[in-house]
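Input: a single structure, listed below in structure tokens.
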Amino acid sequence: MKETALTAVHISLGAKMAEFAGYNMPIVYTSITEEHKAVRNSVGVFDVSHMGEFRLKGPKALDLIQSVTTNDASKLTDGKVQYSCLPNNEGGIVDDLLVYRWKEDEYYLVVNASNIDKDWNWIKDHNTFGVEMVNVSDETSLLAVQGPNAVKTLQKLTKVDLGVIPYYAFTVGTLAGIDNVIISNTGYTGAGGFELYVMNGDAKKLWDAVFEAGKEFNILPAGLASRDTLRLEKAFCLYGNDIDDTTSPIEAGLGWITKFTKAFTKSDYHKSIKDLGPKKKLVGFEISEKGKIPRQHFKIKDAAGNEIGEVTSGTQSPSLNKAIGLGYVKTEFAGVGSEIFIDIRNQLVKATVVKTPFL
């Protein structure tokens with residue numbers, strides 16, 4: 001397994017480690033609930049250095065991005081970030097990603113760890129524009145400092161006024177005595193905070209400084225398990241669960257990042273789904289019965305026991321103290337308030353389609 005620059009730190013803290021996307025990653029340190037609530041109510045830190053980062057540079061960089069992503073990157077200005085996805089040739093999704101605009105001819109793409117090689121090859125194969133591409137994934141560390149006290153924690157470490165950086169915007173500055181830190185008002189928790197990109201050699205210094213600054217807020221390290229429960233409460237899609245090579249962004253409720261003002265891979269196909277209406281939709285649901293937790297691939301059925309879909313993500317929500325999930329269902333069952341049933345170990349457990357986010 002690969003290691004991040006902080007793997008030894010996680011092991012020294014007693015984290016439960018496991019393989020994720022080829023990396024030895026911390027899954028949980030103390031408990032999922034404790035880490036989840038620390039992030040939701042105060043501040044926690046994730047090492048997400050396994051994520052991938054590509055630099056794209058050249059006069060045609062925007063043209064390449066426009067051709068391979070669904071969102072309209074021409075709307076970006078310097079210092080802004082955009083959520084988007086890479087559609088494939090079969091009407092599904094190669095990956096979802098963040099697009100950072102450095103300047104007019106320079107962009108920074110952040111992709112999922114499990115798809116680094118896949119995404120790199122996909123974009124490279126479509127680079128008929130002479131764009132310079134550099135994969136900086138292996139030399140880059142990334143800390144996600146998340147929660148309502150994240151700004152107070154990080155402001156101690158920098159002269160950059162973090163309060164004026166809008167959501168989905170970034171700047172580059174000195175933080176914790178480290179120059180050229182990418183300070184990005186993004187995250188995958190819905191709890192607020194920043195993602196900090198540094199060179200691997202500075203990762204330990206940054207980690208230690210952040211934890212010292214966050215002591216008064218009872219800052220905690222958080223593992224990938226609580227990252228998953230946090231993102232699910234906000235109904236953020238997880239690649240490999242809620243979106244994949246077979247799902248259209250229109251079916252996944254990602255029409256807001258699918259812009260038909262320009263052409264992209266299979267754009268006509270996705271527009272037809274939008275125009276005709278998708279046959280299935282990704283919905284959020286809640287289960288009121290205690291002790292019944294939906295999991296990925298559990299079948300969703302109607303009252304008569306007919307299969308109408310499948311669960312893509314599910315958990316016991318630490319904030320709501322109830323079971324929640326996402327899943328695809330036939331469109332006629334997708335309305336808020338619809339009664340559906342989750343097949344949990346051959347028992348049909350009643351669930352209700354609810355408006356997302358859950359929290």
Among (1) of a type in the set (Phe, Trp, Tyr); (2) in contact (Cβ under 8 Å) with a residue 12 or more places away in the chain; (3) surrounded by fewer than 20 Cβ atoms within 10 Å (Cβ to Cβ), the one test that Trp256 misses: (2)
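This table checks each residue for (1) more than 19 Å from Leu97 (Cα to Cα); (2) among the β-branched types (Val, Ile, Thr); (3) under 24 Å from the mean Cα position of the chain (by Cα).
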{"residue": "Ala169", "(1), (2), (3)": "no, no, yes"}
{"residue": "Val172", "(1), (2), (3)": "yes, yes, yes"}
{"residue": "Asp179", "(1), (2), (3)": "yes, no, no"}
{"residue": "Gly201", "(1), (2), (3)": "yes, no, no"}
Output the qualifying pairs, or none if there are none: Cβ atoms under 7 angstrom, residues six or more apart or on different chains, first residue in region 268-289 and under 12 Å from Glu251 (Cβ atoms), second residue basic (Lys, Arg). Lys279/Lys330; Lys280/Lys330
Selection count where residues are farther than 15 Å from Lys124 by Cβ and of a type outside the set (S, T, N, Q), scope region 64-78: 5
Being assigned to a loop (DSSP other than H, G, I, E, B) and more than 19 Å from Ala252 (Cα to Cα) is the filter here, so list the residues in region 190-239 that pass it. Ala191, Gly192, Gly214, Asn218, Ile219, Ala222, Gly223
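Quick check: anything in region 192-200 of a type in the set (Asp, Glu), modelled with pLDDT of 95 or more and surrounded by 19 or more Cβ atoms within 10 Å (Cβ to Cβ)?
Taking every residue of region 192-200 in turn, at least one turns out to be of a type in the set (Asp, Glu), modelled with pLDDT of 95 or more and surrounded by 19 or more Cβ atoms within 10 Å (Cβ to Cβ).
Quick grid of which residues meet (1) buried (at least 19 other Cβ atoms within 10 Å of the Cβ); (2) β-branched (Val, Ile, Thr):
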site	(1), (2)
Gly79	no, no
Ile93	yes, yes
Asp96	yes, no
Asn115	yes, no
Considering each of Val329, Val283, Val311 in turn, give the residue that is more than 22 Å from the chain's Cα centre (by Cα) and crowded, with 18+ Cβ neighbours inside 10 Å. Val329
Do any strands (runs of 3 or more DSSP E) entirely within region 83-160 hold 3 or more residues that are modelled with pLDDT of 95 or more and among the charged types (D, E, K, R), and if so, which? 93-103
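For Asn149, indicate whether it is surrounded by 18 or more Cβ atoms within 10 Å (Cβ to Cβ), over 30 Å from Ala73 (Cα atoms) and either polar (S, T, N, Q) or in contact with a Lys or Arg (Cβ under 9 Å, 6 or more places away or on another chain) (or both).
yes
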Name the residues in region 33-50 that are surrounded by fewer than 23 Cβ atoms within 10 Å (Cβ to Cβ) and either among the hydrophobic types (A, V, I, L, M, F, W, C) or in contact with a Gly (Cβ under 6 Å, 6 or more places away or on another chain) (or both), would you? Ser42, Val48
Which strands (runs of 3 or more DSSP E) sit wholly inside region 292-359 and have at least 2 residues that are under 26 Å from Gly277 (Cβ atoms) and without any contact (Cβ under 8 Å) to a residue 40 or more places away in the chain? 307-317
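Hey, which of the strands (runs of 3 or more DSSP E) in region 1-67, taking only ones fully inside, have at least 2 residues that are touching a residue at least 24 places away in the same chain (Cβ under 8 Å) and among the basic types (Lys, Arg)? Quick ask: steps written out before the conclusion?
On the way: elements: 16-20, 23-28, 44-47, 52-57.
Where strands (runs of 3 or more DSSP E) fall fully within region 1-67 and carry at least 2 residues being touching a residue at least 24 places away in the same chain (Cβ under 8 Å) and among the basic types (Lys, Arg), they are 52-57.
The values are calculated or read from the model by the stated rules, or taken from the named source; none is laboratory data. This one's a predicted model, so the numbers in the text were calculated from it and none came from an experiment. As a convention, Cβ positions derive from the backbone with ideal geometry for all residues, glycine included, and neighbour counts pool all protein chains shown.
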